[in-house]
Amino acid sequence: MSTAEPDLRAEGLRLGYDDRVVVSGLDLAVPPGRITAIVGANACGKSTLLRALARLLAPREGTVSLDGRALHAIPTRELAQRLGILPQSPVAPDGLTVIDLVNRGRSPHQTWWRQWTKADEQAVHDALAATGTTDLADRAVDELSGGQRQRAWIAMAVAQGTPVLLLDEPTTYLDLAHQIDVLDLVVDLNRNEGRTIVMVLHDLNQACRYADHVIAMKKGRVVAEGAPADVITAETVEDVFGLRCRVTTDPVSRTPLVIPVGRHHTPEPETEEPAKTLG
């Protein structure tokens, strides 16, 4: 994996499907070497943006660039050595084992004159170890639990050896314990290997706890971005999600903790502590 910090950015981005525009006039610079979480209501353009950052969706206007080069101008094999993506709910062929899946992560590094090498073998070994899937290597992917399966797919992305990793809702369909397991793994990849990670998340509290940088989207535009404490406020949550809430401090991570206010729960008014007097 290259040690140079990647520069992934979008400028004047306009994205859509058929006659529907989903993202318009979007500018974005991904902080290198950090974990970025993209949050927002359903259909706000989160996954569409991630697809464009991965060159899976061509912009109608604007550009996405990596290290100063437009993505469409980078040869596919070269791009796959610099940028990896794990889409929502990936599906493996029936009977494919974990080791075979992870081996596929080395495909961008193979050519007709450079076949499987010791470096590839080591990359796969390290990816299995990093994701805790070594003991699952000979198991069929379709026989694994949801959490095990997701770790196997992440292992494939890790073996690919890209400095940038894009994850589209990596915790979808996982129970809470497996969600935390996967997100802890994401932090390990960032801290231990310096990978730049961008992930789409639905859970605001998980975004605050696990991301260094949060991007809040609404109707195809970025409405706020920065550190979790600066972005996830009661005002922003109501604006982006149409949800009244209280934002307090997570007692474990000391990050913002969003507490929704539903129709059947009326919060007590917030009161200020009485000022202390001298004497």
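The values are calculated or read from the model by the stated rules, or taken from the named source; none is laboratory data. Here the structure is a predicted model, which is why all the values come from computation and not from measurement. Note: ideal-geometry Cβ built from the backbone for every residue, glycine included; neighbour counts use all protein chains shown. The accessibility values were calculated without ligands, DNA or RNA, using every heavy atom of the protein model including side chains. Shrake-Rupley method; radii C 1.70, N 1.55, O 1.52, S 1.80 Å.
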Inset, instruction - Tell me, yes or no, whether region 210-229 has at least one residue that is farther than 19 Å from residue 169 by Cα, part of a helix (DSSP H, G or I) and at pLDDT 95 or above. - result: yes
Inset, instruction - Mind listing whichever residues of region 109-120 are touching an Asp or Glu at 6+ places or on another chain (Cβ under 9 Å) and surrounded by 19 or more Cβ atoms within 10 Å (Cβ to Cβ)? - result: none
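Out of 99, 38, I need the residue that is more than 17 Å from residue 162 (Cα to Cα) and buried (at least 21 other Cβ atoms within 10 Å of the Cβ). Which one? Spell out how you get there, then give the answer.
On the way: 99 fails: buried (at least 21 other Cβ atoms within 10 Å of the Cβ).
Exactly one residue qualifies, and that residue is 38.
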Legend entry - Meets criteria (open to solvent by 60 Å² or more (accessible area, probe 1.4 Å), in contact with a Lys or Arg (Cβ under 6 Å, 6 or more places away or on another chain) and in a strand (DSSP E or B)) for residue 9: no
Legend entry - Lone unmet requirement of (1) in a helix (DSSP H, G or I); (2) open to solvent by less than 20 Å² (accessible area, probe 1.4 Å); (3) not charged (D, E, K, R) for residue 166: (1)
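Condition check ((1) crowded, with 19+ Cβ neighbours inside 10 Å; (2) of a type in the set (Lys, Arg); (3) within 26 Å of residue 12 (Cβ to Cβ); (4) without any contact (Cβ under 8 Å) to a residue 60 or more places away in the chain) across all residues:
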{"position": "71", "(1), (2), (3), (4)": "yes, no, yes, yes"}
{"position": "75", "(1), (2), (3), (4)": "no, no, yes, yes"}
{"position": "79", "(1), (2), (3), (4)": "yes, no, yes, yes"}
{"position": "83", "(1), (2), (3), (4)": "yes, no, yes, no"}
{"position": "87", "(1), (2), (3), (4)": "no, no, yes, no"}
{"position": "90", "(1), (2), (3), (4)": "no, no, no, no"}
{"position": "106", "(1), (2), (3), (4)": "yes, yes, no, yes"}
{"position": "122", "(1), (2), (3), (4)": "no, no, no, yes"}
Legend entry - Residue check for residue 47: of a type in the set (Ser, Thr, Tyr), open to solvent by 50 Å² or more (accessible area, probe 1.4 Å), closer than 30 Å to residue 147 by Cα and in contact (Cβ under 8 Å) with a residue 40 or more places away in the chain: no
Legend entry - Hey, residue 24 open to solvent by less than 40 Å² (accessible area, probe 1.4 Å), modelled with pLDDT of 95 or more and either among the hydroxyl-bearing types (Ser, Thr, Tyr) or under 24 Å from residue 127 (Cβ atoms) (or both) or not: no
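Listed here are the residues, each with its yes/no results for (1) modelled with pLDDT of 95 or more; (2) under 17 Å from the mean Cα position of the chain (by Cα).
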site: 131; (1), (2): no, yes
site: 142; (1), (2): no, no
site: 147; (1), (2): no, yes
site: 152; (1), (2): no, yes
site: 170; (1), (2): no, yes
site: 179; (1), (2): no, yes
site: 204; (1), (2): yes, yes
site: 207; (1), (2): yes, yes
Inset, instruction - Could you please tell me which pairs satisfy a Cβ distance under 9 Å, a separation of 6+ or placement on different chains, a first residue in region 226-245 that is touching a residue at least 12 places away in the same chain (Cβ under 8 Å), and a second residue that is basic (Lys, Arg)? - result: 228/209; 234/244; 234/246; 237/244; 239/218; 240/218; 241/218
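On the given criteria, is residue 67 open to solvent by 30 Å² or more (accessible area, probe 1.4 Å) and free of Cβ contacts under 8 Å to residues at least 60 places away in the same chain? First the steps, then the outcome.
Details: open to solvent by 30 Å² or more (accessible area, probe 1.4 Å): yes; free of Cβ contacts under 8 Å to residues at least 60 places away in the same chain: no.
Considered against the rule, which asks whether it is open to solvent by 30 Å² or more (accessible area, probe 1.4 Å) and free of Cβ contacts under 8 Å to residues at least 60 places away in the same chain, residue 67 comes out as no.
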Inset, instruction - Return the total of residues in region 132-156 being closer than 15 Å to residue 100 by Cβ and part of a helix (DSSP H, G or I). - result: 10
Inset, instruction - Pick out the one residue from 171, 133, 196 that is touching a residue at least 24 places away in the same chain (Cβ under 8 Å), open to solvent by 10 Å² or more (accessible area, probe 1.4 Å) and touching a helix residue (DSSP H, G or I) at 6+ places or on another chain (Cβ under 9 Å). - result: 171
